[in-house]
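Laboratory data are not the source of any read-out in this text; all were calculated from the coordinates shown. These numbers come from a predicted model, not from an experiment. Here the Cβ is made from the backbone with ideal geometry for all residues, glycine too, and neighbour counts use every protein chain on show.
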Amino acid sequence: MSEQQQQAKSQERAAEVEIAVSKMLRIGVVLAGLVIVVGLVLFLVTGDSGYPGDTYPTNLPDIVQGMLQLKSVAIIEVGLILLILTPVFRVFVSMLAFIHEKDYRFVLISIFVLVILVISFVLGKVGA
């Protein structure tokens, strides 16, 4: 196979990965939006957040439990978590694509970005 054919094939694979990633991002945003809308509609119909006073769940187990109990605020929070995780998942998928392409420079960059994201989540949790 000539160098031009290899380069064309590599560009074709890169385009396929970009299309897959863009579809994944769209699906993630739409899914998150739908979950948020379901929680909002439930809140507007019932007029109740599902929690007493101004309280709401602040950790993942309580949010999941509230969602399973169909508490509107917990459902909205699940939608927000999905929205936050969508670009994180994109970085992870990109890292896997770079591993497949053996582009280790971008693998390292992706790992660095993931580490920064994890650190920001941990620091955000500690600061809350």
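Please work out the Kirkwood hydrodynamic radius for the chain, using every pair of different C-alpha atoms, and report it in angstroms with one decimal place. Before the final figure, lay out the partial values.
Details: mean 1/r = 0.0580 Å⁻¹.
Over the chain, the inverse of the mean reciprocal pair distance is 17.2 Å.
Under 8 Å for C-alpha pairs, at least 6 residues apart: give me the relative contact order for the chain, rounded to a whole percent. Kindly include the intermediate steps, with their values, before the conclusion.
Values: 93 pairs, mean separation 32.4, N = 128.
After rounding, I find 25 percent.
Can you name the helices of the chain, as whole DSSP H runs, whose Cα span along the helix axis is 30 Å or more and whose Kyte-Doolittle mean is not below 1.6? Could you put the intermediate results ahead of the total?
On the way: long enough: 3-46 (64 Å, 0.82); 72-101 (43 Å, 1.91); 104-127 (34 Å, 2.28).
Helices meeting the criterion: 72-101, 104-127.
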Next on the checklist: At R0 = 22 Å, how high is the FRET efficiency between residue 80 and residue 119 if r is their beta carbon distance? Nearest 0.05 is fine.
Outcome noted: 0.65
Next on the checklist: Pick from 12, 77, 101 the residue whose mean-square fluctuation is largest in a GNM of the chain, springs joining Cα atoms under 10 Å.
Outcome noted: 12
Checklist entry - So for 71, 9, 102, fewest C-beta neighbours within 10 Å to most, what's the order? => result 102, 9, 71
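So what are the range 34-106's ellipsoid semi-axes, whole angstrom, largest first, if each one is the square root of 5 times an eigenvalue of the alpha-carbon gyration tensor? Numbers along the way, then the final one.
Working: eigenvalues 255, 28, 13 Å².
For the range 34-106, the semi-axes come out at 36, 12, 8 Å.
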Checklist entry - What is the sum of charges around residue 34, taking Lys and Arg as +1, Asp and Glu as -1, for the other residues whose C-beta is under 15 Å from the C-beta of residue 34? => result 0
